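Structure, as structure tokens:
The values are calculated or read from the model by the stated rules, or taken from the named source; none is laboratory data. Nothing here was measured: the structure is a model prediction, and the numbers come from that model. Glycine gets a Cβ as well: all are built from the backbone with ideal geometry, and neighbour counts include every protein chain shown. All accessible areas refer to the heavy atoms of the entire protein, side chains included, with ligands and DNA or RNA removed. Shrake-Rupley method; radii C 1.70, N 1.55, O 1.52, S 1.80 Å.
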Number of protein chains: 2
Amino acid sequence: MKLRSFSLLVALSLVAVACARQDVNPKQTPPRSGAEWAIAIHGGAGSIPRDIPDEERQAYVDGLTVALDRGVEVLRSGGAALDAVERVVLTLEDDAHFNAGRGAVFTHEGRHELDAAIMNGRDRSCGSVAGVTTVRHPIHLARLVMERSKHVFLAGPGAEAFAVEVGLEPVDNSFFDTEKRRRQLEKALAEEANESGMGTVGAVALDREGHLAAATSTGGLTNKRWGRIGDVPVIGAGTFADDASCALSATGQGEQFIRHTVTGSIAARVELLGMDLDQAARKVLVDILRPGDGGVIGVSRSGRLVLLYTTPAMLRGAADAEGRHEVAIWD
Amino acid sequence: MKLRSFSLLVALSLVAVACARQDVNPKQTPPRSGAEWAIAIHGGAGSIPRDIPDEERQAYVDGLTVALDRGVEVLRSGGAALDAVERVVLTLEDDAHFNAGRGAVFTHEGRHELDAAIMNGRDRSCGSVAGVTTVRHPIHLARLVMERSKHVFLAGPGAEAFAVEVGLEPVDNSFFDTEKRRRQLEKALAEEANESGMGTVGAVALDREGHLAAATSTGGLTNKRWGRIGDVPVIGAGTFADDASCALSATGQGEQFIRHTVTGSIAARVELLGMDLDQAARKVLVDILRPGDGGVIGVSRSGRLVLLYTTPAMLRGAADAEGRHEVAIWD
């Protein structure tokens, strides 16, 4: 009987521990430990055949590496997570291999409409732009919306007028043209399909001060129409950051990410349930979204990085103060 | 020892029950009880002096009552929550006393740019429109975006082109003009201020089938510029519905509601922590938002209604199957 009581006590303790792991108090989440700074970046999730030409593979790897290093420079020298994620995304916007800034996909009308968002985990301040057509670096405009307007979300010609007011020089919409994306539009028009605009870019970072930030930028879907806005500029869908939980940037079927408030739901599980970021991201991506819907990158308050996707590939990179430094495309 | 084992077993069961109450699985939250159907509506939160002329007060009360009754008709006869909330909001869009549809505030340029969103708790499908200028019932367009496009969020001229494609007859932007709103713009221009566009409208409902829905529509801020989008069309900010938790519609300082993903955060507390809707709404409105930021209406799966605001007034109404039927402006 003694043994039986003992095993019941053990069982009781195990249940109690299981309970504690779901504690509601965010202050109960583990204190900071792990990497002093950390960063994850993505260049989109989707299908990339493993047998793509070597030069194409290398272009992705090089693009991701350059962008990652820009972020690492900021963080290593004690800079802000917010500056790091903006720098990374701005670098990828300039790289024509990605579906953001130059190299963005074409709309149904043969133009480019760009969306971007940035969020500062420090105070949850944020800025979003949607449907901009003449702004070279939409992520920089999103930051200016955050810092220099009373608003957080500007769209279309209005957002462009704001860009001019704050001193950004407009570019012609054809600045964003690339041959590859034009061919994708022709194919999509022939098939009357919305091709996924593989190549959305994003970054999340933790800085030495313990602050988090996230940034995402995209051209959206090839052959998109009707002023379609995806998840990227929707805070809590494609982009989210809060020092109380984590920073997240998503990529994939934007409509699904809006509907399931993906980054907000992951962060809520971390903040309210004290779940590990990895576990929370898995729960939402695997149990709530459909297989193949996309991917998400995240960083927790303790510098834990998550790069998770249910697509065949996600262009991605990760680095931290402990020496991690890698870029990858497939598993 | 036998007794001791027994009491340990009891303790074990109690801990297990305590655990279950915090279970992350929405199926574990309490089953439906309470009103068979329920509806709450709002016509904006903000400052309304208690000494407004009688006819103005009566106009608000009449407008809310008519709209509430339209929703009640749908629900009482076994109709869908989705139809009820659309009907209510559409009715308020037609009432020039509210800042949605006709009677919407003026932008800086002296025009009207309307935002709306609708969400079906049944499957979390949703539709949003932003910056539309020629659509008489933005909430109906949001519903058509949800049901007849592959997208969930359309903006600007693109959204209007979609409206025409699905058969909506455009109205001239001046259709939305009212003298009261023009005077508000003149005042705001003189003061170089963004006046709160008191009068955003929304509705949430639970139907006899146990499904939830939410809808919100607004003209945004008087004197708004740069294609500003507020919280209304942002799923998880101003509008949210999920049968697993609750339906919510918010009104107030839109930027704050986006930044704090207000409706998503309330719903997460209900779904993940098993909090009462009232408690969850209070937590977010009182502890996270600033005093005076606005209000929120909500309905839980069990038909509990919440109408909460931190402003001096919220135009609002509530009804349920148990005979509740009321409209109110102040406390």
TODO: Among the candidates A:Arg228, A:Arg259, A:Arg208, single out the residue that is within 13 Å of chain B (Cβ to nearest Cβ) and either open to solvent by 20 Å² or more (accessible area, probe 1.4 Å) or more than 23 Å from B:Thr239 (Cα to Cα) (or both).
DONE: A:Arg259
Open item on the list: Checking the conditions here, which among B:Glu192, B:Glu186 is within 13 Å of chain A (Cβ to nearest Cβ) and surrounded by fewer than 24 Cβ atoms within 10 Å (Cβ to Cβ)?
Closed with: B:Glu192
Open item on the list: Among the residues of segment A:143-153, are any free of Cβ contacts under 8 Å to residues at least 12 places away in the same chain and open to solvent by less than 40 Å² (accessible area, probe 1.4 Å)?
Closed with: yes
TODO: Given the conditions (1) among the polar types (S, T, N, Q); (2) within 14 Å of chain B (Cβ to nearest Cβ); (3) not in a strand (DSSP E or B), report the number of the one that A:Ser128 does not fulfil.
DONE: (3)
Open item on the list: Condition (residue is surrounded by fewer than 24 Cβ atoms within 10 Å (Cβ to Cβ), touching a residue at least 12 places away in the same chain (Cβ under 8 Å) and within 18 Å of A:Val327 (Cα to Cα)) applied to segment A:97-108: is it met by at least one residue?
Closed with: yes
- [ ] Go through (1) more than 22 Å from the chain's Cα centre (by Cα); (2) open to solvent by 10 Å² or more (accessible area, probe 1.4 Å) one by one and return the number of the condition B:Met198 breaks.
- [x] (1)
TODO: Give me the pairs, please: first residue somewhere in segment B:156-167 and in contact (Cβ under 8 Å) with a residue 40 or more places away in the chain, second residue anywhere and open to solvent by 50 Å² or more (accessible area, probe 1.4 Å), beta-carbon distance under 6 Å, and either six or more positions apart or on two chains.
DONE: none
Task: Qualifying position, being touching a strand residue (DSSP E or B) at 6+ places or on another chain (Cβ under 8 Å) and on the phi > 0 side of the Ramachandran plot, among A:Gly101, A:Gly71, A:Gly78 - done: A:Gly101
Open item on the list: Give all pairs with beta carbons closer than 7 Å in which a residue from segment A:264-283 that is within 7 Å of chain B (Cβ to nearest Cβ) meets a residue that is open to solvent by 20 Å² or more (accessible area, probe 1.4 Å) and aliphatic (A, V, I, L, M); count only pairs at least 6 apart in sequence or on separate chains.
Closed with: A:Arg269/A:Met275; A:Leu272/A:Val24; A:Leu272/B:Leu273; A:Leu273/B:Val24
TODO: Output the residue which, of all residues in segment A:64-90 that are closer than 21 Å to A:Arg124 by Cα and acidic (Asp, Glu), is surrounded by the most Cβ atoms within 10 Å (Cβ to Cβ).
DONE: A:Glu86
Task: Test result for A:His140, within 16 Å of the chain's Cα centre (by Cα) and open to solvent by 10 Å² or more (accessible area, probe 1.4 Å) - done: yes
Task: Selection from segment B:231-249 of residues that are within 13 Å of chain A (Cβ to nearest Cβ) and either of a type outside the set (Val, Ile, Thr) or touching a Gly at 6+ places or on another chain (Cβ under 6 Å) (or both) - done: B:Asp231, B:Val232, B:Pro233, B:Gly236, B:Ala237, B:Gly238, B:Phe240, B:Ala241, B:Asp242, B:Ala244, B:Ser245, B:Leu248
Open item on the list: Scan segment B:163-183 and tell me whether some residue there is at pLDDT 95 or above, within 12 Å of another protein chain (Cβ to nearest Cβ), open to solvent by less than 40 Å² (accessible area, probe 1.4 Å) and at positive phi.
Closed with: no
TODO: Report, by residue number, each residue of segment A:298-331 that is surrounded by fewer than 19 Cβ atoms within 10 Å (Cβ to Cβ), in contact with an Asp or Glu (Cβ under 8 Å, 6 or more places away or on another chain) and closer than 19 Å to A:Arg282 by Cα.
DONE: A:Thr310
